[in-house]
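To start, the structure under review is shown below, and the notes come after it.
The values are calculated or read from the model by the stated rules, or taken from the named source; none is laboratory data. All values derive from a computational prediction rather than experimental measurement. Ideal geometry is used to build each Cβ from the backbone, glycine not excepted, and the neighbour counts take in all protein chains shown.
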Amino acid sequence: MLGAFVLSFTDFDIYSIANLGNTRVVGLKNYHDLATSPQFWIALRNTLYFVVVGGPLSAAVSLIAAILVNAKLVRFKPFFRSAFFAPWVTTLVAMALVWRYIYHPQYGLLNAALGVVGIGPVDWLGNPHWAMPALILLSVWKNFGYNMLVFLAGLQSIPEELYEAAALDGAGAWRRFRHVTLPMLGPTFVFVGVVTMIASFQIFSEPYVMTQGGPLKSTLTLVLFMYEEGFRWWRLGFSASIAVVLFLLTLVGTLVQLRLQRHSAP
Amino acid sequence: MKARGRTIGLHALLVVGAILAASPLLWMVSASLMHSGEANTSPPPLLPHSPTLVHYRALFTSLNLGRYFLNSLIIATGGTVMAVLITGMAGYAFAKLRFRGRQSVFRALLAGMVIPGQVAMLPMFILLREMGLINTLFGAMIPVLAPIYGIFLVRQYALSIPDDLLDAARLDGASEFRVFRSIVLPSLGPVLATLGVFTFLSAWNDFMWPLIVLSDDARYNLPVALANLAGEHVQDVELMMAGAVVTVVPVFIAFLFLQRYYIQGIMAGSVKG
């Protein structure tokens, strides 16, 4: 971390790789370049889009899955739990490839399925409006199993007596969920929120494999931008300033979530 | 009657969910067994007309996938063994050994948990370059070697080892290394097993760091090789799906046999953490 910080104040580039002596301290120049780079603002916006839409969506899917699997009436619980968790253990690059074909405008399974219910073919990865939602869908599918297990652990730690007491007081299923389940899951929400957010800020493999940041830079993310600047063009100093921004965003996001939690706690 | 309807509805939802979750994986396997060009027909076929293994043969003969498979296996296995030893020692030291600055070092480590891994990649790359570790399989293992959450997990677990047991062994003249090997390691068994499966999984699936560190084609791990192949063989759906299957199968088999550890690890870690 300190290394990245120091690096971001230098002009470390391809010449420095040949000889470290070619590195100079350039002060805030990298940050100035960053602020005036249109690509950076696009990458920032795309990353925030992914974090703000994908994160809560993923958490919601995980919570629903956890509640369904945890329901008392359900049989074969371990089977469903494993089926939902399976995508999480797979290799992201391989899954990005699979989904690239699923999203194929002409031969893809998704459009074939949507065609059955009368929705016209969508060029998922070729349309700047749909490319990011497509990546979000892939990563929700890939990752919801993890948070589902976290929510399951939270649900199972809620004492049964609370539900019985609420039922005695005449609370229906929805009110029991609203006034017993949700408040008792408070700490779990913080954990899921922070972990999911940190992971979302780091999105890289999906756009690298599926879209290379396109079309029209609509899936260029901060880490992809950092990778290209640093390891394709070897501007490591400039790239480090992106890394520092990424770190600050993660830090602020984490602190905000912790603060929100403290305020909403009873 | 009402409960019965609800049970059926609940199971219907779960079955639909399970199908949605599993279908990309099932389609991957199915497409990998199709003949070239078969998947690119409309409407897309769900099952191969006459299953064939020709793509798997091509992967392991002309495309050298065996080499990448071996690289992945070395990176994941070597990384796991070292990570288990390092986190075991570090977690034990933070729990049981008294040394100056223990608390402050531990607190600094915990604070480091919020730093995204990618942030460290740039300085790490320069450091490894100076050490001559770029383009080595060992270099590709670096990110998994000392996971902070792992050290934290082991420390929590190690706190429960009775001090008397350790002191008794020391009185009997056992060296610190002996104490670690014969008392600490065995009692940390379960937590280290959980840690091991997670480390193996993340080392096997790691993509960005190997992509940066491994520049020589012969040293690629499976994900990097696969992404590279996808660039050249974009149209060969069936071939790429066979490659995806080969990449996923080892971790998937590991998951089927060791899912107890995955599930316990996640559920325990989140409640305590």
Just need a number here: residues in the stretch A:70-93 that are at the interface with another protein chain (Cβ under 7 Å from one of its Cβ atoms) and over 14 Å from B:Y262 (Cα atoms). 7
Could you tell me which of the residues B:V197, B:V144, B:V179 is away from chain A (no Cβ under 14 Å) and over 28 Å from A:R235 (Cα atoms)? B:V179
Output the residues belonging to the stretch A:173-187 that are among the small types (G, A, S) and closer than 16 Å to A:P159 by Cβ. A:G186
A:S8 - would you say it is over 30 Å from A:R178 (Cβ atoms), free of Cβ contacts under 8 Å to residues at least 60 places away in the same chain and hydroxyl-bearing (S, T, Y)? no
Subset of the stretch B:200-224 [within 12 Å of the chain's Cα centre (by Cα) and either at the interface with another protein chain (Cβ under 10 Å from one of its Cβ atoms) or within 19 Å of B:M124 (Cβ to Cβ) (or both)]: B:L201, B:S202, B:A203, B:W204, B:N205, B:D206, B:F207
The residue that is nearest to the other protein chains (Cβ to nearest Cβ), considering only those in the stretch A:130-159 that are assigned to a helix (DSSP H, G or I) and among the hydroxyl-bearing types (S, T, Y), is A:Y146
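To keep it simple, each residue is scored yes or no on (1) touching a Phe, Trp or Tyr at 6+ places or on another chain (Cβ under 9 Å); (2) closer than 30 Å to A:I102 by Cβ; (3) within 13 Å of another protein chain (Cβ to nearest Cβ); (4) modelled with pLDDT of 90 or more.
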position: A:Q202; (1), (2), (3), (4): no, yes, yes, yes
position: A:G214; (1), (2), (3), (4): no, yes, no, no
position: A:M226; (1), (2), (3), (4): yes, yes, yes, yes
position: A:R232; (1), (2), (3), (4): no, yes, yes, no
position: A:T254; (1), (2), (3), (4): no, no, yes, no
position: A:A265; (1), (2), (3), (4): no, no, no, no
Among helices (runs of 4 or more DSSP H) lying entirely in the stretch B:139-217, which contain 2 or more residues that are within 30 Å of B:A120 (Cα to Cα)? B:148-158, B:189-205, B:208-213
Residues within the stretch B:7-40 that are more than 28 Å from the chain's Cα centre (by Cα), surrounded by 12 or more Cβ atoms within 10 Å (Cβ to Cβ) and not in a helix (DSSP H, G or I), tallied: 6
Residues satisfying the stated conditions in the stretch A:179-191, i.e. part of a helix (DSSP H, G or I) and surrounded by 13 or more Cβ atoms within 10 Å (Cβ to Cβ): A:H179, A:V180, A:T181, A:P183, A:M184, A:G186, A:P187, A:T188, A:F189, A:V190, A:F191
Among what's in the stretch B:102-122 and is at pLDDT 85 or above and at the interface with another protein chain (Cβ under 8 Å from one of its Cβ atoms), pick the residue that is nearest to B:V144 (Cα to Cα). B:M121
How many of the residues making up the stretch B:226-271 are assigned to a helix (DSSP H, G or I), more than 9 Å from chain A (Cβ to nearest Cβ) and without any contact (Cβ under 8 Å) to a residue 24 or more places away in the chain? 7
Is it the case that the stretch A:234-244 has a residue that's touching an Asp or Glu at 6+ places or on another chain (Cβ under 8 Å), surrounded by fewer than 23 Cβ atoms within 10 Å (Cβ to Cβ) and not basic (K, R)? yes
